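I have placed the structure first, in the form of structure tokens, so that the comments after it can refer back to it.
The values are calculated or read from the model by the stated rules, or taken from the named source; none is laboratory data. Just so it is clear, the structure is predicted and the values come from calculations on it, not from any experiment. Here Cβ is always computed from backbone atoms with ideal geometry, including for glycine, and neighbour counts include all displayed protein chains. Keep in mind that these areas ignore ligands, DNA and RNA; they rest on the heavy atoms of the full protein, side chains included. Shrake-Rupley method; radii C 1.70, N 1.55, O 1.52, S 1.80 Å.
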Amino acid sequence: LIDEIPYDTAMMLINTTLFDGKWVMPYEEYQIHEETFTLADGTEKTTDLMSSGEGFYLENEAATGFVKYYENGYRFVAVLPREKGDFTMESLSLDTLLASWKNHKVIAKLPSFSFETSMQFVEILEQMGMTDAFGAGADFSRLLEGERDLFISSILQKAKIDLTAS
């Protein structure tokens, strides 16, 4: 999560969540083939696609998708918009899409991939009205004795997903 700790750091609060899901029906070697996958921006990339027959199909006016089960009752939901281009979960009407589950067999191809992102939250929280905790005017005197100014300088969230055959 952290590459280095600045020398003037007084405290760090770190929270992380890990989901290490195992498919109920893992992909077998014969189900994985190198094929062309089209990214959201229209560019094509050659990558491993995992193919399987799935029993739950999703469909509404904005998108289609399928559900694949992990062990312990968790589910992976794959969604594609009907129209090419960028989309948001709001534009796909995720609630209505999930309510449309049908017991219908579909042949699904899913790329194996890894994606990582991070986001700073100080500016977002300041825009939401939380301003007293950031900068020299913050008052955390009950946490630290002495004359040292203590304030929140960074709030970082990182997320990573590795979607693999197992």
Point to revise | Top-ranked residue in the range 138-159 [being farther than 14 Å from T9 by Cβ and small (G, A, S); ranked as modelled with the lowest pLDDT] | key: G146
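Taking F115, is it of a type outside the set (K, R), open to solvent by 50 Å² or more (accessible area, probe 1.4 Å) and under 30 Å from S51 (Cα atoms)? Steps first, please.
Working: of a type outside the set (K, R): yes; open to solvent by 50 Å² or more (accessible area, probe 1.4 Å): yes; under 30 Å from S51 (Cα atoms): yes.
Considered against the rule, which asks whether it is of a type outside the set (K, R), open to solvent by 50 Å² or more (accessible area, probe 1.4 Å) and under 30 Å from S51 (Cα atoms), F115 comes out as yes.
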Review point. How many residues, within the range 90-110, are under 20 Å from G21 (Cβ atoms) and either aromatic (F, W, Y) or modelled with pLDDT under 90 (or both)?
Key: 3
Practice item. Determine whether the range 81-97 contains at least one residue that is in contact with a helix residue (DSSP H, G or I) (Cβ under 9 Å, 6 or more places away or on another chain) and in a strand (DSSP E or B). Key: no
Exercise for review: For the range 23-66, name all the residues that are within 17 Å of V106 (Cβ to Cβ), of a type in the set (A, V, I, L, M) and touching an Asp or Glu at 6+ places or on another chain (Cβ under 7 Å).
Suggested key: V24, L49
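Pick out the one residue from A99, A108 that is of a type in the set (A, V, I, L, M) and closer than 24 Å to I161 by Cβ.
A108
Residue by residue, here is whether (1) of a type outside the set (G, A, S); (2) under 21 Å from the mean Cα position of the chain (by Cα) holds:
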| position | (1), (2) |
| --- | --- |
| A40 | no, yes |
| S51 | no, no |
| F66 | yes, yes |
| L80 | yes, yes |
| A99 | no, no |
| K102 | yes, no |
| S112 | no, yes |
| Q127 | yes, no |
Exercise for review: Sort out which residues of the range 126-157 are in contact (Cβ under 8 Å) with a residue 24 or more places away in the chain, open to solvent by less than 80 Å² (accessible area, probe 1.4 Å) and out of contact with any Phe, Trp or Tyr (no Cβ under 8 Å at 6 or more places or on another chain), and write them in order of number.
Suggested key: L144, S154
Review point. Residue check: is G55 at pLDDT 80 or above, in contact with a Lys or Arg (Cβ under 8 Å, 6 or more places away or on another chain) and farther than 20 Å from A159 by Cα?
Key: yes
